[in-house]
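The values are calculated or read from the model by the stated rules, or taken from the named source; none is laboratory data. Here the structure is a predicted model, which is why all the values come from computation and not from measurement. Positions of Cβ are generated from backbone atoms using ideal geometry, with glycine treated the same way; all protein chains shown enter the neighbour counts.
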Amino acid sequence: MIEVTLKDPNHIELTATGRIEGPQMETALDKLIALCEPLDHATYLAVMTDINMPAGAAITAEIARLPKLMGLLRKIDKAAIITNQNWLRTAAEIEGKLIPNLEIRCFDDLTAARAWVTT
């Protein structure tokens, strides 16, 4: 399951759990791209728990949208990640070091993550 919502005028939240299939990924990424395109200095909160390896079609959907997704990174200033999986936490921390002008932090607590990312 994966859902993307615009919570505030400049704040997007993504919730994902379990195995992500191709059609789910396509829908979520298309919505994420559409929501982010008009934004500037946005914030992003991702809650990703118990994620299984995505289906091959889900990975293909992400690769096909990679140019647009990379362009969105300029629109987001802060990203908070909540996950119960070390591999996702490590990936987020590496991305935070590699992507200029994007501050990424990992949290265990939703309230703390939301407070940090929206201030």
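Quick notes
- Of all residues in the range 71-82, one or more are under 20 Å from residue 20 (Cβ atoms), in a helix (DSSP H, G or I), under 15 Å from the mean Cα position of the chain (by Cα) and among the hydrophobic types (A, V, I, L, M, F, W, C).
- Qualifying position, being in contact with a helix residue (DSSP H, G or I) (Cβ under 8 Å, 6 or more places away or on another chain), part of a helix (DSSP H, G or I) and at pLDDT below 95, among 58, 91: 58
- Criterion violated by residue 27 - all others in (1) crowded, with 17+ Cβ neighbours inside 10 Å; (2) among the β-branched types (Val, Ile, Thr); (3) out of contact with any Leu (no Cβ under 6 Å at 6 or more places or on another chain) satisfied: (1)
- Restricting the range 31-46 to residues that are assigned to a strand (DSSP E or B) and among the aliphatic types (A, V, I, L, M), the residue that is farthest from the chain's Cα centre (by Cα): 42
- Residues that are under 14 Å from the mean Cα position of the chain (by Cα) and surrounded by fewer than 17 Cβ atoms within 10 Å (Cβ to Cβ) were ranked within the range 11-24; the one that is nearest to residue 113 (Cα to Cα) is 15.
- Lone qualifier among 80, 57 - being touching a Gly at 6+ places or on another chain (Cβ under 7 Å) and not acidic (Asp, Glu): 57
- Residue ID - farthest from residue 107 (Cα to Cα), chosen from residues in the range 30-43 that are surrounded by 17 or more Cβ atoms within 10 Å (Cβ to Cβ) and touching a helix residue (DSSP H, G or I) at 6+ places or on another chain (Cβ under 7 Å): 39
- Of all residues in the range 67-119 being within 11 Å of residue 47 (Cβ to Cβ) and among the small types (Gly, Ala, Ser), the one that is surrounded by the fewest Cβ atoms within 10 Å (Cβ to Cβ): 113
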